[in-house]
């Protein structure tokens, strides 16, 4: 029986919905408060630079609110160890109750109350944070913003705005704090025409993703002492990591979840890192830099991995490092399977994640599950033998691809295109081994009340529940024609996506003749014009103008006699014979078959390619599909390549017959009448 998800559906009901609506309203209100600082910045800052001020101050205010209950205790410990030659870091952490602290007795409210010393005091205040917290603010280049705001006479006003922002954990739980950060980033991205999708993923999309990822593990996650590690190699502000933490903790409040990530954008990295500090996670687990060229988690493996890498982003900047690893390390590195085209690094992220899967134990334990968001390109881009095809081949032949879920279009902030979840694991359940689930969830959406960028659709709770349930029942639903969603899920064998790319050759057939075109070609043939007797050849050809021969032998004998009669000698050698054939040879379906060492010579202009399903005899395919039309065709076996593609849309295509012509004509006539009526009103 297929593995069914347990206790992984989002809780629903009036109480839950009311609570979420209240939280949503609250985080929007707080985001609006932070955003109102833009009114102060207008004129002194460009719109695209608002985030350089508002984001770090929001982070700073959140850190301050979190540390407020233990602030006095920390300052006492700091004073106690001030003159001692002892590293008091661990004592200060213990006193603060967090992995970070601030030893100053200053607060933003005190700093705002002294406008003349605001810059000096704020610099001191920031410097009193522990190294990990100060490093977060450094990524925002906060010191530069302090100077700039002070020079513009705005610093104390901005600080004053943030002292009124209540971000205490009891008012704004960590989960909602993530909403606030992401809402601010989305607004800044819109203001500066940047790509919001590079920073974060819609929350309901994340909810579906993490539930699909965790669904088969519901029982195992509830075992006492469960410990799970999670990686997002393009973590942005950490929304996916937070959602995984929340879900696993919801299933088992006693579970230990360790999250890891890497991010290239400094602001997003800083927010994610500060979020982990506040939650009591190790902020060192969030590494800064490019996951391809500077892997921040080398030699580590994880239980779960998930990512939404930017769609269609080129990897030219790290080409040297990636290519070097591919060529020198091969399968021992991350990119041994192949390299995709330079303008889309999506499949590099997938290979990077696969390299971090835990090995499966002898008893079937261990292993990993991962999910990644792709556009349609990785499904089919690249012919047999290309980097993309070889990566798909590697994944499918290793039986790692568990399923692909097609999502509705217009679901993301920065693009309206269709997207897909790829779900992979190296510990498939026995009934899933050798199989891939394709699930069409493109009709699972509801219209948003207000569009956000390109996002006009969203997933409701019932849609998420439906998709997760159907994914868990995929094998049953695909095999049961009576299942209500039978048409939305299909199961294939891994090899069903493979094919043999064969090269079908046809013989070169020529007749031979001398015409005005022949003489013109003779004049531009470099191989012939270089000959000493080129002029004699031209005269000889003119003497047989209009002649035609059905075979090469007849043509050569006649032309040789003409050259001798003109007082010349017949050139020898392969280059001359090849050039001459190009000059006087004319393709003709009824012409003579040209041969090389007794074998038919293929005609490059008639060469064709066919994709034959993997496992099918290609000679039988040739006899059945090709020979009835071109009996003399053959396959060049030396050029046969194996490729893999996943034509998702084709498998779910449903033919819709065209509308009756009478109906179309009636509609056109009605439109014509309407247009005539409108024109009549205009001319009156």
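Only the coordinates and a few stated rules stand behind these numbers; no lab work does. Predicted model, so just to flag it, every value in this text is computed and none were measured. Neighbour counts run over all protein chains shown; Cβ positions are idealised from the backbone, glycine included.
Overview of results
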{"item": "Helix-only CD estimate at 222 nm, as mean residue ellipticity for the chain, using -39500 (n - 2.57) per DSSP H run (n ≥ 4)", "result": "-13000 deg cm²/dmol"}
{"item": "The chain: antiparallel DSSP beta bridges as a percent of all, rounded to 5", "result": "65"}
{"item": "For segment 236-299, alpha-carbon Rg and Dmax in angstrom", "result": "12.1, 37"}
{"item": "Residues residue 681 and residue 331, FRET efficiency given R0 of 56 Å [Cβ-Cβ distance, rounded to 0.05]", "result": "0.15"}
{"item": "Stokes-Einstein diffusion coefficient of segment 265-414, Kirkwood radius over Cα pairs, 37 °C, 0.692 mPa s, in µm²/s", "result": "194"}
{"item": "Among 560-567, 455-462, 340-347, 362-369, the order from most to least packed when residues are scored by Cβ within 10 Å on average", "result": "340-347, 455-462, 560-567, 362-369"}
{"item": "Estimated FRET transfer efficiency (residue 529, residue 321; beta-carbon r; R0 60 Å; 0.05)", "result": "0.75"}
{"item": "Mean projection area, nm², convex hull over Cα of segment 509-600", "result": "5.6"}
{"item": "Equivalent ellipsoid semi-axes, segment 227-344, via Cα gyration tensor eigenvalues times 5, rooted, Å", "result": "28, 16, 12"}
{"item": "FRET efficiency for residue 298 and residue 249, using Cβ-Cβ distance with R0 set to 35 Å, rounded to 0.05", "result": "0.80"}
{"item": "Calculated on alpha-carbon atoms, Rg and Dmax of segment 82-234 in Å", "result": "20.3, 61"}
{"item": "Per-peptide average of other Cβ atoms within 10 Å, ordering 162-168, 653-659 highest first", "result": "162-168, 653-659"}
{"item": "For segment 195-496: span of alpha carbons on each principal axis (Å, largest first)", "result": "54, 48, 47"}
{"item": "Whole-Å semi-axes of segment 432-579's equivalent ellipsoid (Cα gyration tensor)", "result": "75, 21, 13"}
{"item": "More than 39 Å apart - percent of Cα-Cα pairs taken over the chain", "result": "52"}
{"item": "Value of D in µm² per second that Stokes-Einstein yields for segment 72-165, Kirkwood Rh from Cα pairs, at 25 °C (0.890 mPa s)", "result": "172"}
{"item": "Cα radius of gyration and Dmax for segment 344-451 (Å)", "result": "15.6, 52"}
{"item": "Highest average packing first - 488-501, 466-479, 606-619, Cβ atoms within 10 Å", "result": "466-479, 488-501, 606-619"}
{"item": "Hull shadow area, averaged, segment 263-314 [alpha-carbon convex hull, nm²]", "result": "4.5"}
{"item": "Inter-label distance for residue 495 and residue 664, nm, one decimal - labels placed 7 Å from Cα along Cα-to-Cβ", "result": "4.4"}
{"item": "Distant alpha-carbon pairs in segment 539-671 (separation over 18 angstrom), percent", "result": "73"}
{"item": "Full-extension gain in nm, residue 82 to residue 483, via 0.36 nm per residue minus C-alpha separation", "result": "137.2 nm"}
